[in-house]
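> Mind looking over this structure? Questions follow.
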Amino acid sequence: MPRSLFGFVLFGFVLLAFGCSADVVEEEEAAETEDEIVATFDRIGRIDLNKTSRILLVGDSSKLGELPLWSATTRARRYAQLYPSDQIVLFVTKDASSAGITQAGATAVRDEPFGVVALADLKRLSAAKLVAALDRFSRIASLDFFGHSSPFGALLEAEGEDRTLGASAPANIAALADNFARDANPYVTLNGCNGGASTAAYLSKLWRVPVSGALTGTNFQVLMSDGRWYFNDEGFSPPGTTTVAKNERSFGPASSPSCRAGACVRMKPQDAPYRGVWANPDTGFQYGLGYFKFFCDFPDVNACRRGMAASLYAFASIKPIDRRSSDADVKEVLADFFCSGSKDPAWFDGCRAQLFAAAASGAAFSPMRSANDWSHECDFKGCQQKLRCKVVDGAPQKKTCAWVSPACADSQSAASCRPKNTTKQTTNAELARYLEGHRLLRGN
């Protein structure tokens, strides 16, 4: 069961909150929530659409509490530390509590910043209106999504039409290709289940930026007293470890923000193939990958490298890094990115050693702990395995999907199309590209 975590106070970035709390509230409080759709912590309450912007989207958070929001605010704090001159904007679904926003002392935005898209239009987070609002930003440096998602798109709201951000949906999604600040090494991250199944590669090709996504389910990790991150469930960290009050590891001792201020949660893929609501209950998804995989389906390889490295700098890890960091420090963060902590500390240490040994020798390697022989094999345009689902009236059906080998015929069962992956070069290529990107950004 999930651990009981800290309370939440927002800090230091522009905040856009859509809709009211899912909880029952007094009439006066509910009315206030309807009005205060946008708030900012600069005490001015305005958004500069021409400023370089870091945009974080908190989507469907049904039954997840504030964890997607805290994951976003943890990353937002890294952005504030790395890029103090950039504008940091957070779009939040109605699932996040308005009480936390009010408690933080935020200033409501009264001016209409998005032209034809009125603030009142965003009380419910529809994909078309969201994209229209994002299209007003002229310099998007990064776009991060946190919340529920499916193999076919990120879920902005739990219910209703036009709530999915994915391949060809909404119809105006291609418009954002011209909004990225190409001189700021832009990238997109999809922090939710199976964002890498189809959506990440599609958006990468459409927007011409690196886009990362999971190839399995995702979960929330918290920083623990031994200085490492662990999944937020009982039994996933070594005996005797406890949650921390401040995050000195990700931000350094000079900053060390409080966990109560939303600075100690991150999302990370699970260490096994997905077995959630979309999976065939008999087989699960069969293949997986234990880290967020980047896709770069566009010609500029160096833009891919630089964007990947820039995303790593913002990853809440065991130490803060930036373009000036040594290769040794970047490798420590990469080990934390690729390998997941366990209640057995020896597992992480072994994974770390094998990660860099395989990178040096070219040996087959995947950091996924469970079903390691069924790790995905992917390049930067897609994966070898294909996702097969039962389709009714053009729509894939839940509880019918599984990854199968490329040659698997429709007449074959999913279980019979599950050969072992003996190649396992995906992680080696991914690691190399992060390091290449860091050296490009560092200038040597």
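> From the set of residues in the stretch 48-76 that are of a type in the set (D, E, K, R) and touching a helix residue (DSSP H, G or I) at 6+ places or on another chain (Cβ under 8 Å), which is surrounded by the most Cβ atoms within 10 Å (Cβ to Cβ)?
Per the criteria, the residue is Arg75.
> Answer with yes or no whether Tyr274 is surrounded by 19 or more Cβ atoms within 10 Å (Cβ to Cβ), within 30 Å of Ala402 (Cα to Cα) and in contact with a helix residue (DSSP H, G or I) (Cβ under 6 Å, 6 or more places away or on another chain).
No, not satisfied.
> I'd like to know if the stretch 164-175 contains one or more residues that are surrounded by fewer than 24 Cβ atoms within 10 Å (Cβ to Cβ) and under 25 Å from Phe236 (Cβ atoms).
Within the stretch 164-175, none of the residues are surrounded by fewer than 24 Cβ atoms within 10 Å (Cβ to Cβ) and under 25 Å from Phe236 (Cβ atoms).
> Give me the residue from the stretch 392-416 that is buried (at least 19 other Cβ atoms within 10 Å of the Cβ) and under 14 Å from Pro273 (Cβ atoms) and, out of that set, farthest from the chain's Cα centre (by Cα).
Looking at the filtered set, the residue picked out is Ala414.
> Got at least one residue in the stretch 308-326 being buried (at least 21 other Cβ atoms within 10 Å of the Cβ) and acidic (Asp, Glu)?
Within the stretch 308-326, none of the residues are buried (at least 21 other Cβ atoms within 10 Å of the Cβ) and acidic (Asp, Glu).
> Check the stretch 227-247 and report whether any residue there is in contact with a Leu (Cβ under 6 Å, 6 or more places away or on another chain), aliphatic (A, V, I, L, M), at pLDDT 95 or above and not in a loop (DSSP other than H, G, I, E, B).
no
> Return the total of residues in the stretch 352-391 being surrounded by 13 or more Cβ atoms within 10 Å (Cβ to Cβ) and part of a helix (DSSP H, G or I). Even if it seems obvious, please write down each step before you answer.
Let us first name the residues in the stretch 352-391 that are surrounded by 13 or more Cβ atoms within 10 Å (Cβ to Cβ), namely 352, 354-356, 358-359, 364-369, 371-380, 382-389.
Among the residues that remain, those that are also part of a helix (DSSP H, G or I) are: 352, 354-356, 358-359, 372-374.
Qualifying residue count, the stretch 352-391: 9.
> From Pro320, Pro253, grab the single residue that is free of Cβ contacts under 8 Å to residues at least 24 places away in the same chain and more than 26 Å from Leu155 (Cα to Cα).
Numbers: Pro320 fails: free of Cβ contacts under 8 Å to residues at least 24 places away in the same chain.
The unique qualifying residue is Pro253.
> Considering only residues that are polar (S, T, N, Q) and within 26 Å of Asp322 (Cα to Cα), which ones fall in the stretch 46-96? Walk me through it before giving the result.
The initial filter retains those residues of the stretch 46-96 that are polar (S, T, N, Q), namely 50, 52-53, 61-62, 71, 73-74, 81, 85, 87, 93.
The answer is Asn50, Thr52, Ser53, Ser71, Thr73, Thr74, Gln81, Ser85, Gln87.
The values are calculated or read from the model by the stated rules, or taken from the named source; none is laboratory data. What you see is a predicted model; the values in this text were computed from it and never measured. All Cβ positions, even for glycine, are placed from backbone atoms using ideal geometry, and neighbour counts span all protein chains on display.
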